[in-house]
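Visitor: Please see the structure below; I have some questions.
Values in this text are rule-based calculations from the coordinates and carry no lab data. Remember, predicted model here, so these are calculated numbers, not experimental data.
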């Protein structure tokens, strides 16, 4: 995360964000549109964003500002006629979280701020959610190490919870060898026990694939379906920055996700 700037609404915002963020938010909006149809039957529905950021960002090398994911999600739920009953946001950076909360309150969102890092926030939020409600969590960390498996385990404990998850391709590409050598330990938090399942004589491409495949077996063990379909988000050089996946206990979520992806469906992490 870089330094915050002052946005066009007078509040702090992220600066120098790549234009591909709009691609990510488009996928979020479109998935929530399908998710809204069954959601209207559930009174205590909630949106959860545990890496919420300030709620607004400036596109790099432009004067254009765009909404952050919690604001995108709240506006989408209103437009679809199924506004969330609760909007839980968390961010380890207090200034970012407070800026996001202010923006949401200005829009009339029923926002609830949760202090602490993503793991502690996920635990508190899970305890406050209606166990019979239909909920949606956007899990959008900056690195694989921040996508701690324990926070997914916590959120997966809810019976009706769809998760859209950001997997950092750049982190995997840049830091796999360092983690294999023991110079870094971040991937252990992402996929506990991963090194015991990765053969050292594999090619770089095969090792990367093996890490993600092992992570998906852990996710499956939580009772969540981790489908092959993903959205590849690329930079201006057409290199993978990250992948988006939808995880859920219900097969309907996977069908919604395929519709959202349409012709963009990629299988087997072809971006390697």
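Visitor: If I build a Gaussian network model for the chain, linking alpha-carbon pairs within less than 10 angstrom, which residue out of 103, 45, 26 has the largest mean-square fluctuation?
Guide: Largest GNM mean-square fluctuation: 26.
Visitor: How many angstrom separate the Cα center of segment 124-185 from the Cα center of segment 187-203?
Guide: Centre-to-centre (Cα) distance: 17 Å.
Visitor: At a threshold of 8 angstrom on Cα-Cα distance, excluding pairs fewer than six apart, so keeping six or more, what relative contact order does segment 91-225 reach in percent?
Guide: Over segment 91-225, the number comes to 19 percent.
Visitor: Report, in degrees rounded to the nearest 10, the 0 to 90 angle that the Cα long axis of helix 69-79 makes with the longest principal axis of the chain.
Guide: 50
Visitor: Working from Cα positions, state the angle (0 to 90°, nearest 10) between the long axis of helix 204-221 and the longest principal axis of the chain.
Guide: Computed tilt is about 60 degrees.
Visitor: Rounded to the nearest 500, what is the 222 nm mean residue ellipticity of the chain from helices alone, with -39500 (n - 2.57) per DSSP H run of 4+ residues and division by all residues?
Guide: The helix-only estimate for the chain comes to -12500 deg cm²/dmol at 222 nm.
Visitor: Is the shape of segment 144-272 rounded, prolate or oblate, going by the alpha carbon gyration tensor and its root eigenvalues a ≥ b ≥ c, with a/c under 1.5 for rounded and a/b larger than b/c for prolate?
Guide: Cα axes put segment 144-272 in the oblate bin.
Visitor: Can I ask one more? Using the alpha-carbon atoms, what tilt in degrees (0 to 90, nearest 10) does helix 118-128 show relative to the longest principal axis of the chain?
Guide: For 118-128 against the chain, the angle is about 50 degrees.
Visitor: D for the chain, whole µm²/s, Stokes-Einstein with Kirkwood Rh over alpha-carbon pairs at 25 °C and 0.890 mPa s: what number?
Guide: 129
Visitor: Using Cα-Cα distances under 8 Å and only pairs 6 or more residues apart, what relative contact order does segment 4-264 have, in percent?
Guide: Computed value for segment 4-264: 17 percent relative contact order.
Visitor: Between 61, 220, 123, which gets the highest mean-square fluctuation from a Gaussian network model of the chain, Cα cutoff 10 Å?
Guide: 61
Visitor: Report, for segment 4-264, the % of DSSP beta bridges that are antiparallel, rounded to 5.
Guide: So the antiparallel bridges amount to about 45 percent of the total.
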